[in-house]
Amino acid sequence: MYCLLCSLSDCLGFFCSVPMCSTHDLLTPLHFQELLKPLRKMRCVIVYIVDLFDFHGSFLYSIPRIVGDNPVLVIANKIDLFPKDIKFSRVQHWIKQECRNRGLHDITAGQVHLVSCKTGFGVSEVLRRAYQSAEDRGCDIYVIGAANAGKSTFINHLLKVSCCLLCANVLCAATTFLW
Ligand SMILES: Nc1nc2c(ncn2[C@@H]2O[C@H](COP(=O)(O)OP(=O)(O)O)[C@@H](O)[C@H]2O)c(=O)[nH]1
Ligand SMILES: [Mg+2]
């Protein structure tokens, strides 16, 4: 792997000293792989986030081994960075094919969601599908993805929506009070 900073520093004639990954015990790729190992044996629904703007860079090549036989919903995130007239079905088809080529053989275009976790575009549909699948299987949902794919933004959006729903319920309860 070759980082952007390395390629720039090559051109500019200085040495890039940014390490490709941390050497801290809790931040090594091996540690993360160990953390994810139990997932393949668990009954769960996987929401797998990839960065659409850096699809191959953010694709986890170990994903087929991580998910096992569990159902996977693919979130192709950061669609807001693409032109507005982009043809969704073609992008979905391309992602489906790329996922299949990388070992997620059962992925269908319907399991690929073009989303912007930043603006919230497409998030409610993917949530509805994930909740439904988790309810049917009676299991939890796990959100996984490479660094910078958008996991935190997705979960923050989720929390914001949940808070709004909670407020809406309180408001509804308040307005339907008899006194
Ligand atoms: N344009 C755009 N940027 C996003 C989106 N989702 C996340 N980001 C940005 O991508 C970067 C990494 O996001 P983050 O949620 O921290 O990724 P994580 O490492 O997977 O938790 C941050 O700068 C986010 O603001 C999105 O839908 N659109
Ligand atoms: Mg994060």
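The values are calculated or read from the model by the stated rules, or taken from the named source; none is laboratory data. All of these numbers come straight from a predicted model, not from anything done at the bench. With ideal geometry, Cβ positions are generated from the backbone for all residues, glycine too; neighbour counts draw on all protein chains shown.
Just one of (1) of a type outside the set (Phe, Trp, Tyr); (2) within 19 Å of Ser162 (Cβ to Cβ); (3) within 16 Å of ligand 2 (Cβ to nearest atom) fails for Val50. It is (2). Residues in region 134-153 that are touching a residue at least 12 places away in the same chain (Cβ under 8 Å), in a helix (DSSP H, G or I) and more than 9 Å from ligand 2 (Cβ to nearest atom): Ala134, Arg137.
Against the conditions (1) surrounded by fewer than 16 Cβ atoms within 10 Å (Cβ to Cβ); (2) of a type outside the set (Asp, Glu); (3) at pLDDT below 95, Asn101 satisfies every one except (3).
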